[in-house]
Amino acid sequence: MKPHGLLLAALLGLAAPATGRAAAVLPHAVIADFNGGKALVNRVTPWPAQVGGKPLVRMGMTKAGRFGPRGYSLRVDYGFAEGLEGALGLLIRLPEVDLAQYDHLSLRIRGDRKQAFPSQLRVRLLGEGQSPASHGLGGYTIVGIEREWRQMLVPLNPLSGVAEGVRPVALGLILPPECSPGREGAFYLDEIELVRTGRRIGEHEDSSVAPGKKAWEMARGGEQLARTSIRARAVELPAPPLVRREELPPDDEALLERVARDTWQGLDGLRDRPSGLPFDTVALHPDGPPSVGDYTNVTNIGLYLMSVVAARDLGYIAPREAEARLLRVVRSLERMETFHGFFYNYYDTTTLERTSHFVSFVDSSWLTAGLMVARMAAPGLHKPISALLEREDYAFFYDADVGQMRHGFHVQRQERSPSVYGLLYSEPRLGSLIAIGKGDVPESHWFKLARTFPVDWTWQSMTPLGRAPRVINGYKVDGGYYEWRGIRYLPSWGGSMFEAMMPGIVLDGEAHAPNSLGPNAIAHVDVQRRYAQEELNLPVWGMSPSANPDGGYGEYGVAILGVKGYSEAVVTPHASGLAAMARPAEAARNLRQLARRYAVYGPFGFYDAVNPTTGKVAYKYLALDQGMMFLGLANHLRPHLIQRYFAADPIIRRALPLLGAEDFFQ
């Protein structure tokens, strides 16, 4: 163990106030730091003790390979006996401590540098009479064990054994046989402690605390004082005034070009300079500096890669600048932790630590799409990008029993999401095509996706018409469609613009699916516009998930366009950016109306959303929504700009022939 006051202070919330004095907080509780010598080892018990008179787990104090320049670490050697199918591990007796004062268990771990070591361990706090073999106890899985020391943080919640009515007396570190690459191996442990990070994470939450980021913040005086350093890392932050009142160009094409250019300025500016990654959310305030959300989602990264390509081809940045931006993001991706070749859902933009335990199918597919576009547009980056793509196998998400994709994988629980993506006309359809093009799942998967649901599912927003079985490319499909005022369409889930149109950023439906995806996109845009005007009596249209002007984030859509239907309370400008790929003149007129009627246009283009009834605006720039806005406009200003690069990639070329034979409205 080594002195670690700075990091420990960070984990315990020892933020220094403006006076420079450390705030008084509860101390951490040491479970085992292994500097007490053999006496401490007596509190650590191998489990099971022996099989056939032979120990399966051996322990010893060591200075070799220890964590830090002084003290000891615990070396653990293990070996699975022939015929033994159960797990093995360690039990560590807990000191008397009030667990309610802490929110995480912290431990240091690394694998042996010469032998095999486990890829993951299961952590469980055990009550009196419980053992790691107790049926149904489960545990919290830590992954990403490497040959160098890593700090792991385990939230104290029922998943890790902290539950009402149970007083933990021991810590179990459990190694299932499938988590070791060999039957024998070794790893090291140090600094096992209870700490308080200031964040309690529930049993079913997928978020995680990034210890490196906590230390980075503490070096700058604590989380609040570190906000200044976060803003200093931004490439560019918006300058006042908050709202730009000047009239947008009267010509439709000039208006769309102006909005695209301003939106690109924000996409390029609102990112972390060293890592190149986009900030997920930046909120602006009438008084005071902007609030920077210094984390990102992998979909944001995929859309940013595409946006750099579009900005280059539109002449907004030089080719050399574009390649430098792309390379910086690729280098950051190479440093980021993955699981089974896929990236986690969220990462810290400063330290590149993951801040999520969830691996998402749909978000993974959007990062894959962005990498595909980038490698076709920048041949000089083909090799490193291809290396990232080749690690992915989308069979990881595929449920062969139903022929559909699971929503994702919860790493800390080591379980798939219980739900599948079963409806064709929603944004996950892009991931399905990519998975088929890679050869990871069979092409039958595409035809297992529901076009509509059965007519006796009366909870639907509308009853499907023409729902009858037919055969397409040799596969049986139940068709059908909804109809509103003479417009036929396949529904999405919530009736939002981004479900309908986001895949169109990369997939040219008119060219590759002229009787299905192509006309369906136009139908969704037309119904969005007409429904808002004719049924809701609104002066503007375009409903899609976005920031809520009253706070938070919400799912919005036109109810009759969705099977279930989202709320119809908020209009978001990015819906018009997407609609420009199908109805550019109507999109331009709508954006002009938005800017005239509401205080919704800022230094980096349109803010995220407005309540069209109250006029209240969400003064935020979301990387996801700004990316959709810009890319939709780019595909119009230079026809099929991003779609052409995507269609040229060999992965999607293998899947595109699936689309041509189907007629949604047959």
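The values are calculated or read from the model by the stated rules, or taken from the named source; none is laboratory data. Because the structure is predicted, anything quoted here is derived from the model rather than measured. When we count neighbours, we look across all protein chains shown, and the Cβ atoms used for this are built from the backbone with ideal geometry, even at glycine.
A compact table of results
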| read-out | value |
| --- | --- |
| Counted residues, segment 97-114 - those being more than 18 Å from D190 (Cβ to Cβ) and in contact with a strand residue (DSSP E or B) (Cβ under 9 Å, 6 or more places away or on another chain) | 7 |
| Scan of segment 530-561 for residues that are over 24 Å from the mean Cα position of the chain (by Cα) and either buried (at least 23 other Cβ atoms within 10 Å of the Cβ) or hydrophobic (A, V, I, L, M, F, W, C) (or both), ordered by number | A532, L536, L538, V540, W541, G542, V558, A559, I560, L561 |
| In segment 609-655, the residues that are within 17 Å of D262 (Cα to Cα), in contact with a Ser or Thr (Cβ under 9 Å, 6 or more places away or on another chain) and assigned to a helix (DSSP H, G or I) | A623, L624, D625, Q626, G627, M628, M629, F630, L631, G632, L633, A634 |
| Output for segment 569-585, where each listed residue is crowded, with 19+ Cβ neighbours inside 10 Å, assigned to a loop (DSSP other than H, G, I, E, B) and either among the aliphatic types (A, V, I, L, M) or touching a Phe, Trp or Tyr at 6+ places or on another chain (Cβ under 9 Å) (or both) | V570, T572, P573, A580, M581, A582 |
| Options V525, V571, V563: the member that is modelled with pLDDT of 95 or more, among the β-branched types (V, I, T), more than 20 Å from F606 (Cβ to Cβ) and in the same structural domain as L507 (by TED's automatic domain parsing) | V563 |
| Residue that is farthest from S365 (Cα to Cα), among those in segment 464-513 that are of a type in the set (D, E, K, R) and part of a loop (DSSP other than H, G, I, E, B) | R485 |
| Flag if V166 is in contact with a helix residue (DSSP H, G or I) (Cβ under 8 Å, 6 or more places away or on another chain), part of a loop (DSSP other than H, G, I, E, B) and at negative phi | no |
| Breaking point among (1) assigned to a helix (DSSP H, G or I); (2) in contact with a Ser or Thr (Cβ under 7 Å, 6 or more places away or on another chain); (3) surrounded by fewer than 22 Cβ atoms within 10 Å (Cβ to Cβ), for R331 | (2) |
| Leading residue by the ranking (surrounded by the most Cβ atoms within 10 Å (Cβ to Cβ)) among those in segment 505-529 that are touching a Gly at 6+ places or on another chain (Cβ under 7 Å) and within 21 Å of E483 (Cβ to Cβ) | Q528 |
| Answer residue from segment 149-170, given it is of a type outside the set (K, R) and more than 31 Å from the chain's Cα centre (by Cα) and is surrounded by the most Cβ atoms within 10 Å (Cβ to Cβ) among those | A170 |
| Number of positions in segment 85-115 that are closer than 21 Å to V143 by Cβ and in a strand (DSSP E or B) | 12 |
| Residue match in segment 254-266 (condition: of a type in the set (K, R) and in contact with an Asp or Glu (Cβ under 8 Å, 6 or more places away or on another chain)) | no |
| Long-range neighbours under 7 Å by Cβ, at least six apart or interchain, first residue without any contact (Cβ under 8 Å) to a residue 60 or more places away in the chain within segment 348-370, second outside any helix (DSSP H, G or I) | V359/F339; V359/F342; V359/Y344; V359/N345; V359/G408; V359/F409; V359/V411 |
| Failed item, numbered, when L175 is tested on (1) farther than 18 Å from E85 by Cα; (2) buried (at least 18 other Cβ atoms within 10 Å of the Cβ); (3) within 29 Å of the chain's Cα centre (by Cα) | (1) |
| Qualifying positions in segment 586-609 - of a type in the set (D, E, K, R) and buried (at least 24 other Cβ atoms within 10 Å of the Cβ) | D608 |
| Residue list for segment 434-471, restricted to those being farther than 30 Å from V558 by Cα and of a type in the set (A, V, I, L, M, F, W, C) | I436, V441, V471 |
| Failed condition for A283, given (1) modelled with pLDDT of 95 or more; (2) more than 16 Å from Y601 (Cα to Cα); (3) surrounded by fewer than 19 Cβ atoms within 10 Å (Cβ to Cβ) | (2) |
| Selection count, segment 426-443, where residues are under 21 Å from G474 (Cα atoms) and in contact with a strand residue (DSSP E or B) (Cβ under 6 Å, 6 or more places away or on another chain) | 1 |
| Residues of segment 178-188 satisfying the condition of being touching a residue at least 24 places away in the same chain (Cβ under 8 Å), under 30 Å from the mean Cα position of the chain (by Cα) and not in a loop (DSSP other than H, G, I, E, B) | C179 |
| Neighbours by Cβ (under 7 Å, 6+ apart or cross-chain): first from segment 592-606, more than 18 Å from E253 (Cβ to Cβ); second of a type outside the set (V, I, T) and part of a strand (DSSP E or B) | V600/F606; F604/Y621 |
| All positions within segment 521-543 that are in contact (Cβ under 8 Å) with a residue 60 or more places away in the chain and outside any helix (DSSP H, G or I) | L538, P539, V540 |
| Residues (of a type outside the set (D, E, K, R) and part of a helix (DSSP H, G or I)) located in segment 381-399 | L381, H382, P384, I385, S386, A387, L388, L389, Y394, A395, F396, F397 |
| Enumerated helices (runs of 4 or more DSSP H) restricted to segment 200-301, each holding at least 3 residues that are closer than 30 Å to H410 by Cα | 211-218 |
| Tabulated pairs, segment 478-490, first on the phi > 0 side of the Ramachandran plot, second among the hydroxyl-bearing types (S, T, Y), C-beta under 8 angstrom, 6+ apart or interchain | G480/T452 |
| Boolean, L256 is among the hydrophobic types (A, V, I, L, M, F, W, C), more than 21 Å from the chain's Cα centre (by Cα), modelled with pLDDT of 95 or more and closer than 24 Å to A579 by Cβ | yes |
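Yes/no matrix, rows are residues, columns are (1) modelled with pLDDT of 90 or more; (2) in a strand (DSSP E or B); (3) exposed (fewer than 13 other Cβ atoms within 10 Å of the Cβ):
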position: M1; (1), (2), (3): no, no, no
position: A18; (1), (2), (3): no, no, yes
position: L40; (1), (2), (3): no, no, no
position: A49; (1), (2), (3): no, no, yes
position: G65; (1), (2), (3): no, no, no
position: D77; (1), (2), (3): yes, yes, no
position: G83; (1), (2), (3): no, no, yes
